[in-house]
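Q: First the structure, then my questions, so here it is.
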Amino acid sequence: MPWSGYRAGYSWIEATHRLALTTHMRSNKGKGLNEMNWTSIAPIVLAAFMASMVEFVEALTIVLAVGIVRGWRSALLGTGAALAVLLALIAALGPALMRIPLQTVQLVVGTLLLLFGLRWLRKAVLRAAGVLALHDEAKAFEEETATLRRQARSVGRSIDTLAFTTSFKIIMLEGIEVVFIVIAIGAGGALVPAIVGAGLALLTVVVLGLFLHRPLANVPENALKFGVGVLLAAFGTFWVGEGLGMEWPGEDWAILALIALFLIASLGLVLLCRRLGKSAAARVAAIIQKQKPPAASAPQPKESTLRLIMNEAVSLFIDDGWLAAGIVVWVAAIWFFGPTVALPSSEKVAILSVGLTALLAISASRRAAR
């Protein structure tokens, strides 16, 4: 990358950190300019670390498969190319973020983080309840290596096209999520702690991958996803409240209360969805016994890399359309009607939080009962 590219990236990071610090100071009036409350820093670092860890573990599984089967040169070149594109994406989006008013950034980023976090938490609840299958890195590694071995190698080429594109795609798909997580979590509090959390996760996964030279199948990925979903939902709720001009009781301590709220609600949902899932499975089994076996489905055409990345970007926020629409409508309703309702700010934030929890519960229950 040219020196100008590095300077642009550094300038964006420095400017975004100033914005994040300003946001933090506005939400913590009366504190010293350099004072950073641990109740703000610790959840940010933890959320960025856990969320990035999940994405890096999934990316490592595919890159390892590509390197072992097709060769490390093309696999690492594809990885490097994807990282360069992601850095360019950050450098391009950063200045645009700086031109948006601070309160608008909080509201928009918070809403996106809610869409992302509640979607993730919903899936984690359904996996814990046995409604959705758990993600298995060892199985994913075996399937990917088998697929790569079936493909013919490029003859007379210095770069293996399949190895390059496979590594490029997985790093782009998982990297887009990491970039969004870091910007979303950092923009509302402090960008540097979020970057530190993601950097520690990357370092941990790379070191373990080099040392073990196999997928990190023993990492409790599904438990991590559950915890990350809780953290992201809590942060998204907090930033939306800030963007709507609400004052949170206890200021940053409210994040811990939100984490407790979503954790308790999610654990209760696991029990509910497990019961609903068993009833639904029994009904489906009875219906299948009465039907003829389905005909073999025709093979689906492969999607292009660009289309696959675009679909993945949309699916970051929308899994259950009902849940996504409910989040947007609920936030919009509070934004529109909130100023006209004479309620204490503590009651308004309670209405916001409980409403989002109810949307999660309804969405997960609907899926489990199918």
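Rule-based calculations on the coordinates, nothing more; no lab input. In this text the structure is predicted, and so the values were computed from the model without any measurement. All Cβ positions, glycine included, derive from the backbone under ideal geometry; neighbour counts span all protein chains shown.
Q: Report the FRET efficiency, 1/(1 + (r/R0)^6), for T161 and T104, where r is their Cβ-Cβ distance and R0 is 45 Å, rounded to 0.05.
A: Given R0 = 45 Å and the Cβ-Cβ separation, E is 0.55.
Q: Taking the simple approach of a point 7 Å from Cα along Cα-to-Cβ for both L83 and A257, what is their distance in nm?
A: Those two pseudo-labels are separated by 4.3 nm.
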